Amino acid sequence: DGVRQVLDDVRAMAHASSASESVSSKLRSIDTTVLSLRDAFSLTSTTSSGRTSNLRTFRSRYNIWSQALTNGFEESHGCIDMFQRIQITPRGEEEVNGKLHVSGAELIFTAPTSDSDGSAMNRNCALSLVIGLSVHPLVGSVEVGQKLELSSVAVKGKSNPQWITQSAVVDHRPFFDKGLDGTGQIVAVADGGLDTDNCYFRDSRNNPFGGWDKSRRKIAYYDDSFADQLERDKGHGTYVSGIIVGRKSSNGVDNEVGFADGTAPGSKITFFDMEIGSNGIADPGVSRLFSSFYNSGDGAFISNASWGRGYNGLYSSFCRDYDGALRSTYSDVLFVVSAGNTGVEGTAGTIQNPADCKSPMAVGSS
C-alpha cells in the first residue's frame, strides 16, 4: 500500500494544478508546500560548479530529463497505461518481532496489448517515473534492475559431475567409497519447472504438491504456489535438480544406477518453481523463497540457484536482500549460486547477482 501511495503521489505531482489536492497526507505532513514534479526536479538539479565544461554537461543532462517530462507525464496521456500495468513486488523483507517489514519494492512493467504512447514502451514515461521517484521524500534510492536469467552448463558422459567434483579422475569416486552420497540430506532447488515423473525423480506412492513429506523417494516438497503450474512435466529445473540429487528408478520405488545420477544421489530435494510461462522465471522475493525451503528449520539448509541477473559492477538492493537474510534469519543456510553464463576473462561485472553478493557461495566453471 505504501508503494502504491508513492506512485499515486508521483502521478499527482506531475501536474502543478492538481498536486496540492491529490498528494497523500503523509507527504503533506513532511512539507506543507507541495511542488509540481518539474519544480521539485529543478530544485534538486542545481550545480555548484563554475567550470564551463561541467555546466555545459549539466545543462545537457537536465534538458534530456526535462524533455522526458514534457513527452511523458506532462503529455495528455499522462503515461496512464504504464501506471495501470505496473506490478509491485515487495523487496527488503525482514521479520521483526513476528511482523514482516518491507523496506522497498521492485516495479515490473508489462508490455501493452496494443500500441500506446502512455505505456512503459515510451521511454519518456519510464524516465518520468524515475524523476518522480527520485524526488519523493519517502524514497531513499532508485536503481534499474535486470531480468532473472537461467544458467546452464553442458554435462556429457555417464555421471561426469560425480568423479569431476570428487577426484578429477575418470570414474574415481572416493566420497562414495566412504559412504558420502548425500543420504539424509535435503537440498533446496529454486528454478524453472521440474518433471516429477522423470525416472530420476519418480515416486510411485504420491505426488509432492500437497506439502512436506520426507518419506518420498526424491521430492520432499514441490512448491508451485508462486509459479503458473504449467511446468510439472518439463523445465530447466529438471536438468539442475538431476545434477544435484538425481537417482534413477524405473518403477518409482527401487533405486537403480542411472546414466545421469547426480552428484549427491542419496539426497532429496525441496523444489520451488519460479517459472511464469513465456516470461521465463520471476523473482518471488527472498522471504517467500527462503521460508518455503527452510520450513521453519525443519527443511533444507543447502539451497541451489542456477540463475541470476546482471549488475554492472555495483552492489545492488537485490544483494542487500540476500545478504541480509543470510546474515540474520537464515544464518545456518548455505546458498550456492551459479556465477552465470556470461563470464569473460579480465572483464568486471560478468558474475551475476546474487552470486557476487557477500553471503552466497558462487560456483563457476573453467
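The values are calculated or read from the model by the stated rules, or taken from the named source; none is laboratory data. For clarity, every value in this text was computed on a predicted model and none was experimentally measured. With ideal geometry, Cβ positions are generated from the backbone for all residues, glycine too; neighbour counts draw on all protein chains shown. In case anyone asks, the SASA skips ligands and DNA or RNA and just uses the protein heavy atoms, side chains included. Shrake-Rupley method; radii C 1.70, N 1.55, O 1.52, S 1.80 Å.
Key figures
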| item | result |
| --- | --- |
| Any chance residue 132 is closer than 27 Å to residue 249 by Cα and either part of a loop (DSSP other than H, G, I, E, B) or in contact (Cβ under 8 Å) with a residue 40 or more places away in the chain (or both) | no |
| Test: residue 116 is more than 19 Å from the chain's Cα centre (by Cα), open to solvent by less than 70 Å² (accessible area, probe 1.4 Å) and at pLDDT below 85 | yes |
| Test result for residue 121, among the hydrophobic types (A, V, I, L, M, F, W, C), open to solvent by 60 Å² or more (accessible area, probe 1.4 Å), modelled with pLDDT of 70 or more and more than 30 Å from residue 291 (Cα to Cα) | yes |
| Residue satisfying all of: in segment 207-264; among the small types (Gly, Ala, Ser), in contact with a strand residue (DSSP E or B) (Cβ under 9 Å, 6 or more places away or on another chain) and open to solvent by less than 50 Å² (accessible area, probe 1.4 Å); nearest to residue 166 (Cα to Cα) among these | 264 |
| Filter pass, residue 251 being over 20 Å from residue 185 (Cβ atoms) and of a type outside the set (D, E, K, R) | yes |
| Hits in segment 282-302 (condition: farther than 18 Å from residue 208 by Cα and surrounded by fewer than 24 Cβ atoms within 10 Å (Cβ to Cβ)) | 282, 283, 284, 285, 287, 288, 296, 297, 301, 302 |
| Answer residue from segment 265-274, given it is part of a strand (DSSP E or B) and open to solvent by less than 30 Å² (accessible area, probe 1.4 Å) and is farthest from residue 225 (Cα to Cα) among those | 269 |
| Residue 201 vs. criteria surrounded by 13 or more Cβ atoms within 10 Å (Cβ to Cβ) and touching a Gly at 6+ places or on another chain (Cβ under 9 Å) | yes |
| Any hit, segment 147-163, residues being acidic (Asp, Glu), more than 28 Å from residue 300 (Cα to Cα), open to solvent by 30 Å² or more (accessible area, probe 1.4 Å) and in contact (Cβ under 8 Å) with a residue 24 or more places away in the chain | no |
| Residue ID - nearest to the chain's Cα centre (by Cα), chosen from residues in segment 146-191 that are farther than 21 Å from residue 256 by Cα, assigned to a loop (DSSP other than H, G, I, E, B) and at pLDDT below 90 | 148 |
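Residues are listed down the side, and each one gets a yes or a no for (1) of a type outside the set (A, V, I, L, M, F, W, C); (2) under 17 Å from residue 131 (Cβ atoms); (3) modelled with pLDDT of 80 or more:
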site: 10; (1), (2), (3): no, yes, yes
site: 24; (1), (2), (3): yes, no, no
site: 43; (1), (2), (3): no, yes, no
site: 54; (1), (2), (3): yes, no, no
site: 68; (1), (2), (3): no, yes, yes
